Amino acid sequence: MGIINQLDFKVANLIAAGEVVDRPASAVKELLENAIDAGAKNVTVELKRGGVSFIRITDDGCGMKEEDVPVCIKRHATSKIKYATDLDGIATLGFRGEALAAIASVSRLRIMTRPHDEAMGTILEAVGGENVTVTRAGCQVGTTVIIEELFANVPARRKFLKRDVSEGMACCAVVEKIALSHPEISFRLITDGQMRYMTDGKGDLYATIYAVLGREFAAKLIRVESLMEGVSVYGFIGQPDNIRANRNFQNFFINGRYVKSRTCMSATEQAYESFIPGDKFPCCVLNISIHPAFVDVNVHPTKLEVKFSDDKKIFDAVYCAVRNALENSVRRPQMKIEPSSVSYDDIKLKNAFVPIYDHAETVLSQKPEQKMFFEEEGEKEPTPPVETKIQIVESDPEPVIEEKEEEVPFVMTEPEPEVIEIKHTETPVHRKVEENKIPYYKIIGEAFNSYVMVELEDKMLMIDKHAAHERIIFENMKRNMQKGDSSQQMLMFPMNILLTPEEYAAVCEHENEIRAIGYEYTADGYALSVAGIPSDLTEEAAKELLEVLARQLALGIGRTEVTRNSFMERALYQASCKAAIKAGRIEDQGHIKWICDNLLALPDIKFCPHGRPVAIELTKKEMERSFKRT
């Protein structure tokens, strides 16, 4: 007896549905594309419980006639194509005729539709693709599709859905992309009874970007408009300071369809060379228009990828459009060292109850032009600092800092903290290290601005400053997360961080852990207003760490193979690497000394979070043996 079975039609439908609709966001995407193809000018999207329990999409498009309604939920039923030759120039978003069939087979579906030229409409109801009923009724012009209890009849697929907030953010991301691709259509998004945003539908792309991505993002954009060899490129790119640690804010649309195109991404990023750091990515909202015959949209089940007949033509068109916009709108930055806009007297007044500034004034009295600013640590009982004298050696290209301990004219019983001056371009940090845990050592020097040589009693260490700093950040963050006892510095002016819907959902999911690390923030839409950061990080490093942390959490949120704490630690691996100082860069001696103090105070630190050694050890005996001194 043979072992090959021809599947039942119902089972085959359920399997095929997974290729098109694997989560609520997929259903939203398919229905929105149908609404656009129907010529809608106003579209409303309503979600409950992230779209798992309820999705309603209402449009004012052309609607369907009564005889077409029962056919629309059958597989491969479409009004977009009829002959094989139609595939050579697809101009619509949908064309396969699988969306409604797939949705109907895995949900409770209702369709209410009415064409403009008919007085009555049609209502279709179906449960799991069966028990289909079609009746005539009064309906508004256009089409309303209601999906309830998605995957209720497919438990195997439903159990793999993420939390409602995550699924909801994925749906919001889909609406966001489609709204940006069609500014001539007014989109309204409602989640759990609250309206998230509404676009005006007047065809102004900038106004749509403003409504969807926010004022701060829209304020840092450059207009792009170009036509080259039949390829039109229109939209907006971010200014060189409007950059991200990932590609999440790169939006490319081919003939009004959102796609992930490596050709377009590569062209845009190469155009930004010499304008932004090599480890950053530009932001953009770019529409590329090309004749439909020169692009194949039928190469991916969800139509997220396309294939061009001439990749080089597309690359050149995007590259030239972006590069010309940058060169004509952006001046190359000049290095400037400007005095702080905050006066020293203002800072003294703010920290009037912390006697650390008495010491700062002593230093300033020796060299008035050398201004040092300190962040308030906020200890319950302030402790006197160790005085640091600064001597500038004229023959050297950089200041040489010599530290000398002197007696303070009053007695304190607590350990004395150390005041370290950070570079003029960074915010100084007031740090305290427990002296009794640090062995005596001497910093000999630094090779290639990457490796610090340290002499101990009977050996020498060559420390990789990036790997060491990365591990120190990771250990501090992990300890704070576990104990909930973070050391935090408050910012004078909050910094804003814009997140994607998926990243925002991940931050909400792990809010307690992120706050335990040392962040203090409030949320406004998808933007975070950060008022407090971990005390061991500069503002720039803290911003980058939070961005990378949000992205890593978004990539793996909902994973079940690891525990919550273990997953958070894995995300910290990546984030701590981004926040650590970089090899090859010149760092001030105070920061290098802080790294050595923390590294030697934690003898268990041998490797960075990625498994690389943080230091190489060479004993005195080995050195003497190499020089034939034994």
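If you scan segment 470-506, which residues turn out to be within 15 Å of G532 (Cβ to Cβ) and under 14 Å from the mean Cα position of the chain (by Cα)?
Within segment 470-506, N496, I497 meet the criteria.
Quick check: anything in segment 55-71 in the same structural domain as V21 (by TED's automatic domain parsing), buried (at least 18 other Cβ atoms within 10 Å of the Cβ), closer than 15 Å to S26 by Cβ and modelled with pLDDT of 80 or more?
yes
State which residue is farthest from R215 (Cα to Cα) when the search covers only segment 517-529 and only residues that are surrounded by 20 or more Cβ atoms within 10 Å (Cβ to Cβ) and of a type outside the set (F, W, Y).
Within segment 517-529, the first condition is being surrounded by 20 or more Cβ atoms within 10 Å (Cβ to Cβ), and the residues that meet it are 517-519, 521, 526, 528.
Then drop every residue that is not of a type outside the set (F, W, Y), which leaves 517-518, 528.
Numbers: I517: 29, G518: 27, L528: 13 Å.
By that ranking, first place goes to I517.
Can you say whether K478 is charged (D, E, K, R), touching a Leu at 6+ places or on another chain (Cβ under 7 Å) and under 21 Å from R551 (Cβ atoms), as far as the supplied structure shows? So that I can check it myself, show each step before the final result.
Numbers: charged (D, E, K, R): yes; touching a Leu at 6+ places or on another chain (Cβ under 7 Å): yes; under 21 Å from R551 (Cβ atoms): yes.
It is true that K478 is charged (D, E, K, R), touching a Leu at 6+ places or on another chain (Cβ under 7 Å) and under 21 Å from R551 (Cβ atoms).
Out of curiosity, is G168 in contact (Cβ under 8 Å) with a residue 12 or more places away in the chain, closer than 24 Å to R257 by Cα and surrounded by 17 or more Cβ atoms within 10 Å (Cβ to Cβ)?
On the way: in contact (Cβ under 8 Å) with a residue 12 or more places away in the chain: yes; closer than 24 Å to R257 by Cα: yes; surrounded by 17 or more Cβ atoms within 10 Å (Cβ to Cβ): yes.
Yes, satisfied.
Say we look at segment 255-284 and pick out the residues that are within 15 Å of F315 (Cα to Cα) and hydroxyl-bearing (S, T, Y); which of these is surrounded by the fewest Cβ atoms within 10 Å (Cβ to Cβ)?
Ranking the qualifying residues of segment 255-284, first place goes to S266.
Can you confirm whether F252 is without any contact (Cβ under 8 Å) to a residue 40 or more places away in the chain, surrounded by 21 or more Cβ atoms within 10 Å (Cβ to Cβ), among the aromatic types (F, W, Y) and within 28 Å of R188 (Cβ to Cβ)? So that I can check it myself, show each step before the final result.
On the way: without any contact (Cβ under 8 Å) to a residue 40 or more places away in the chain: yes; surrounded by 21 or more Cβ atoms within 10 Å (Cβ to Cβ): yes; among the aromatic types (F, W, Y): yes; within 28 Å of R188 (Cβ to Cβ): yes.
Yes; evaluated as a whole, the condition is true for this residue.
With the requirement that a residue be among the aliphatic types (A, V, I, L, M) and either in contact with a strand residue (DSSP E or B) (Cβ under 8 Å, 6 or more places away or on another chain) or closer than 11 Å to N255 by Cα (or both), what does segment 274-297 give you?
Our first condition is that a residue be among the aliphatic types (A, V, I, L, M); within segment 274-297, this holds for 276, 285-286, 288, 290, 293, 295, 297.
Once the filter is applied, which keeps residues that are among the aliphatic types (A, V, I, L, M) and either in contact with a strand residue (DSSP E or B) (Cβ under 8 Å, 6 or more places away or on another chain) or closer than 11 Å to N255 by Cα (or both), segment 274-297 yields I276, V285, L286, I288, I290, V295, V297.
Does V318 satisfy being over 19 Å from the mean Cα position of the chain (by Cα), at pLDDT below 90, over 26 Å from Y504 (Cα atoms) and outside the structural domain of N34 (by TED's automatic domain parsing)? Break it down stepwise before answering.
Working: over 19 Å from the mean Cα position of the chain (by Cα): yes; at pLDDT below 90: no; over 26 Å from Y504 (Cα atoms): yes; outside the structural domain of N34 (by TED's automatic domain parsing): yes.
Criteria not met by V318.
Among the numbered criteria (1) farther than 24 Å from I497 by Cβ; (2) in contact (Cβ under 8 Å) with a residue 24 or more places away in the chain; (3) among the charged types (D, E, K, R), which one does D279 miss?
Exception for D279: condition (1).
Grab the strands (runs of 3 or more DSSP E) fully contained in segment 181-282, keeping just those with 3 or more residues being within 28 Å of N34 (Cα to Cα), of a type in the set (D, E, K, R) and in contact with a Ser or Thr (Cβ under 8 Å, 6 or more places away or on another chain). Please lay out each step first, then the result.
On the way: elements: 186-191, 194-198, 221-228, 231-238, 250-254, 257-259.
Those strands (runs of 3 or more DSSP E) do not exist here; none qualify.
Considering only segment 283-303, state which residues are assigned to a loop (DSSP other than H, G, I, E, B) and modelled with pLDDT of 85 or more. Outline the logic, then answer.
As a first pass, look at segment 283-303 and keep what is assigned to a loop (DSSP other than H, G, I, E, B): 283, 290-291, 297-303.
Within segment 283-303, C283, I290, H291 meet the criteria.
Please state which of the following conditions M490 fails to meet, knowing it meets all the rest: (1) crowded, with 17+ Cβ neighbours inside 10 Å; (2) at pLDDT 90 or above; (3) farther than 25 Å from F249 by Cα.
Among (1) crowded, with 17+ Cβ neighbours inside 10 Å; (2) at pLDDT 90 or above; (3) farther than 25 Å from F249 by Cα, the lone unmet condition for M490 is (1).
Considering only segment 518-533, state which residues are in contact (Cβ under 8 Å) with a residue 12 or more places away in the chain, more than 24 Å from K483 (Cβ to Cβ) and in a strand (DSSP E or B).
A523, A527, S529
Collect the residues in segment 305-325 that are assigned to a helix (DSSP H, G or I) and either touching a Cys at 6+ places or on another chain (Cβ under 6 Å) or not charged (D, E, K, R) (or both), keeping them in residue-number order. Before the answer, list the steps.
Taking segment 305-325 as the starting set, the residues that turn out to be assigned to a helix (DSSP H, G or I) are 311-325.
Residues satisfying the conditions are I314, F315, A317, V318, Y319, C320, A321, V322, N324, A325.
I'm trying to understand the selection: among the residues of segment 227-249, which are more than 17 Å from the chain's Cα centre (by Cα), surrounded by fewer than 17 Cβ atoms within 10 Å (Cβ to Cβ) and of a type outside the set (A, V, I, L, M)?
Listed by number, the residues that qualify are E229, G230, S232.
For segment 443-486, what are the residues that are under 17 Å from K593 (Cβ atoms) and part of a loop (DSSP other than H, G, I, E, B)?
Within segment 443-486, N449, S450, L456 qualify.
The values are calculated or read from the model by the stated rules, or taken from the named source; none is laboratory data. Owing to the predicted nature of the structure, the values given are computational and were not obtained by experimental measurement. Note that each Cβ is placed from the backbone with ideal geometry, even for glycine, and that neighbours are counted across all protein chains shown.
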